[in-house]
Amino acid sequence: MKKFVLALTFTVLLGNARAWAETQTFKAYGASILPEQGVPMNIGPSVAFPGFTLYTTGLVQLDSPEFDGATNYELLGNQGDLTIAFTVPQNSFSISLRDFAYYLPGGAPAGGLEMITVFGADDTTVLSSYAVALNKSIITSTDSGESAPIGAVNLSEISGESWTGILQSVTFSTPAPTPEPASLSLLGIGVLALAGIVPRKLIGEESVSIVPHLCEIL
């Protein structure tokens, strides 16, 4: 039973140490300021969400559902690149993008190459840069940030167009904080006490006395 208590304790501790992921869609935000369906709205040069800020050299545009192929609220950079600046450096990110469904002057469908540039924690060091082909279908682009933590992601204007890829959602994974050595030492003594390994003299008779009762309950 003591081995079970030890294993259970380590499982819980390791689980708490893992990074957590959060996905931000724009449904609640969009519905609160643009309840009308099928229309766009210019927000301004930036807009903040929990965990990151979007900013552009042009205007951040919000589209409501049914606007030119939109199935939900979505954001894009109009007349300028769009940057996703994370509040704290991230382990990884995933973004869902599309282009408009309409046809450009001359009859060609909207679509082209979107350059995605990933920056380090200083927001200036380029970690990677790559192109994705966009059309009216939603695609997902993921980067694990293997070389260094990710501070920001830049979306260029789509080739031949004056707007960026249309952002559907942003998922990001924040690194878990590293425990301090002193905290780890205290934690280790507590775990070993549950397992009955640490002598009573080291941690006190009173503390160890609860272990048999805990094992009986489990």
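Annotations
- In segment 121-137, the residues that are in the same structural domain as SER96 (by TED's automatic domain parsing) and free of Cβ contacts under 8 Å to residues at least 12 places away in the same chain form Cβ pairs under 8 Å with partners that are surrounded by 15 or more Cβ atoms within 10 Å (Cβ to Cβ) and in a strand (DSSP E or B), at six or more places apart or across chains, as follows: VAL126/THR117; VAL126/VAL118; VAL126/PHE119.
- Being assigned to a strand (DSSP E or B), buried (at least 20 other Cβ atoms within 10 Å of the Cβ), in contact with a strand residue (DSSP E or B) (Cβ under 6 Å, 6 or more places away or on another chain) and polar (S, T, N, Q) is not true of THR117.
- Selection over segment 99-126 of residues that are under 23 Å from the mean Cα position of the chain (by Cα) and either of a type outside the set (D, E, K, R) or at negative phi (or both) gives a count of 13.
- In segment 110-128, residue modelled with the highest pLDDT [restricted to those that are small (Gly, Ala, Ser) and closer than 18 Å to GLY80 by Cα]: GLY112
- Selection within segment 88-110 - touching a strand residue (DSSP E or B) at 6+ places or on another chain (Cβ under 6 Å), within 14 Å of TRP163 (Cα to Cα) and assigned to a loop (DSSP other than H, G, I, E, B): ASP99
- Any chance LEU76 is assigned to a strand (DSSP E or B) and closer than 21 Å to LYS136 by Cβ: yes
The values are calculated or read from the model by the stated rules, or taken from the named source; none is laboratory data. In this text the structure is predicted, and so the values were computed from the model without any measurement. Positions of Cβ are generated from backbone atoms using ideal geometry, with glycine treated the same way; all protein chains shown enter the neighbour counts.
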